Amino acid sequence: MGRWIILLCLMEKKRLAKALAAAGVASRRACEEIIFAGRVMVNGETVKIPQTLVDWETDRISVDGESVRGEEEKVYYMLNKPKGYICSSVRPGNKPIVLDLFPDGDKRLFTVGRLDKESQGLLLVTNDGHFSNQVIHPRHAIIKEYVVKAFQEITGEALETLSEGARVDDRWVRPVSVAKVRRGTVKICVKEGKKHEVRIIAERAGLDVLELTRIRIGRLVLGSLPEGAFRKLSAADKELLFSR
C-alpha cells in the first residue's frame, strides 16, 4: 500500500522547469536557464536542477523572490509588433517592451521566440511554455516568412547569394526559399530560428536592410492586423501554425 501512495505522489509531481513553464513564467528552455542561474527557490532553498520534482499543492516556489502561485489559464495571442519594442519580460532601463502593448497584467505573458528591436510583424505571445516550446523547437521545422526591404536593388546575383544562406553562430543556415517581390524587396523563408539569421543572410548578399517584417509562421499569416494590435488565436489558428 505504501508503495502505491509513493507512486501516486510522484505521478502528481512535475519537473520544476515544466511546472514553471506551465505557470507561464517563460518557455521551457528559458525556465531551465532561469533555474541554472539560481533565480528559483523551492521551499526557501535555491534549486539549480530543472528536473527537480515539485507539487503545487505542497511546495512553495518563487522566481526572483516573487511567489509563483501555480498554473494559470492559458492564453494565446498573435501581435503585429512595431519597431522599437524589445522581446523581453525584463525591461532594460526605460526601454519599451512588447508586453507594454498588452493591458492584461494578471497573466505572466512572454513572447514565443523573438523579433529584434528594429524588426516588426507577426509575433506570438502566450503564457503557455509547452506551446512555446512546440513552436520554436527545431524538430518541428516551422517555416517563418519575412519581407525584407533593402536600399539596393535585388539583382540576380543578390538572389543567388541569398539562396546560399550564411554562417550564423556555429552553423551554415540556408533559406527554404527566396523570391524577389519588386526592385528592393525580397521574401525570405527560413526554418532554423537562429538569432538575426535573416539580417545576416541579407548582409552577406550586400544588402542594407531598411525594413524587416515577419508575415507568416507556419501557415498562420499576419494579414491585416494593424501595427501594435493583437488578437487571440483561435483553435484553427493554432492548427495553421503546425500544418504544412
Within region 183-199, can you find the residues that are under 11 Å from residue 148 (Cα atoms) and either free of Cβ contacts under 8 Å to residues at least 12 places away in the same chain or surrounded by 21 or more Cβ atoms within 10 Å (Cβ to Cβ) (or both)? 186, 188, 198
Residue that is modelled with the lowest pLDDT, among those in region 154-186 that are within 16 Å of residue 197 (Cα to Cα) and part of a loop (DSSP other than H, G, I, E, B): 170
Since residue 28 meets every condition but one in (1) in the same structural domain as residue 236 (by TED's automatic domain parsing); (2) modelled with pLDDT under 90; (3) of a type outside the set (Val, Ile, Thr); (4) surrounded by 12 or more Cβ atoms within 10 Å (Cβ to Cβ), which condition does it not meet? (1)
Does region 221-242 contain any residue that is outside the structural domain of residue 124 (by TED's automatic domain parsing) and basic (Lys, Arg)? no
Quick one: residue 194 ticks every box in (1) modelled with pLDDT under 95; (2) in the same structural domain as residue 128 (by TED's automatic domain parsing); (3) under 18 Å from the mean Cα position of the chain (by Cα) bar one, so which box is it? (2)
Within region 89-139, residues closer than 16 Å to residue 229 by Cβ and under 16 Å from the mean Cα position of the chain (by Cα) come out as 98, 99, 109, 111, 115, 120, 121, 122, 123, 124, 125
In region 42-57, which residue that is in contact with a strand residue (DSSP E or B) (Cβ under 9 Å, 6 or more places away or on another chain) and without any contact (Cβ under 8 Å) to a residue 24 or more places away in the chain is nearest to residue 32 (Cα to Cα)? 48
For region 68-86, name all the residues that are farther than 14 Å from residue 230 by Cβ and either outside the structural domain of residue 237 (by TED's automatic domain parsing) or in a loop (DSSP other than H, G, I, E, B) (or both). 68, 69, 70, 71, 72, 73, 74, 83, 84
Return the total of residues in region 190-206 being farther than 13 Å from residue 169 by Cβ, basic (Lys, Arg) and part of a loop (DSSP other than H, G, I, E, B). 1
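The values are calculated or read from the model by the stated rules, or taken from the named source; none is laboratory data. Remember, it's a predicted structure, so these values are computed and weren't measured experimentally. Heads up, the Cβs are rebuilt from the backbone with ideal geometry, glycines too, and the neighbour counts pull from every protein chain shown.
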